[in-house]
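For reference, the structure discussed in these notes is given below.
Coordinate-derived values only; no laboratory data. The model shown is predicted, which means the values in this text are computed figures rather than measured ones. Here the Cβ is made from the backbone with ideal geometry for all residues, glycine too, and neighbour counts use every protein chain on show.
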Amino acid sequence: MFDVSVLTGGVSLQSIGINAEAGTFDYAVYYRAGGIGTAVNTPDAWTLLGNFNALTTAGLGAVTLLDIADLDLAADSLYGFYVTDTQGAFSIAYTNSTGSVGDVLAADERLAIGVGYGVTWPFGEASSPRAFNGTLNYVAAVPEPASWAMMIAGFALVGTAMRRRRTRVVFA
């Protein structure tokens with residue numbers, strides 16, 4: 001389990017890459033708006049994002065993608081993620097962290113991933129601090145309809161202003 005802070009602009013999360021032992025395993029991905037908080041062992045507080053059954057992994061040191069349904073994450077928001085092996089095989093490579101839960105583990109200009117917990121399936125025993133050893137694959141979110149309307153109105157105003165700037169030269 002780990003938190004993701006959306007720093008600037010919304011993003012659309014498209015897949016989660018895991019670092020897992022070689023083999024065929026079952027995985028589940030859950031998320032929670034507002035971050036992990038006190039919901040480490042509270043299944044009802046989480047939303048299932050996807051199940052990945054009989055997935056053959058690429059092995060340790062290689063990325064295995066969990067191709068989730070695109071999930072829009074709003075700017076200036078915090079989300080918790082629970083990426084787990086549902087067979088209890090502990091195949092995902094979470095590692096011990098020197099930081100505290102919530103410390104920034106990795107970041108770019110749009111997202112920051114926090115130090116979190118290793119949690120047994122299903123929402124069981126938690127150990128911390130643990131670091132997620134994977135990737136989040138995302139794109140900048142598409143503007144909302146209100147933003148599109150404002151942009152179109154702006155283009156219309158610019159077009160109108162340009163049209164009115166025409167000058168007529170008359171030769172006598």
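Would you please put 21-34, 43-56, 109-122 in order of how densely packed they are, using the mean number of other Cβ atoms within 10 angstrom per residue and starting with the highest?
Descending mean neighbour count gives 109-122, 21-34, 43-56.
Among T24, L60, T95, pick out the residue whose Cα is farthest towards the positive end of the charge dipole of segment 2-142, where Lys and Arg carry +1 and Asp and Glu carry -1 on C-beta, about the Cα centre.
Going by the charge dipole, the pick is T95.
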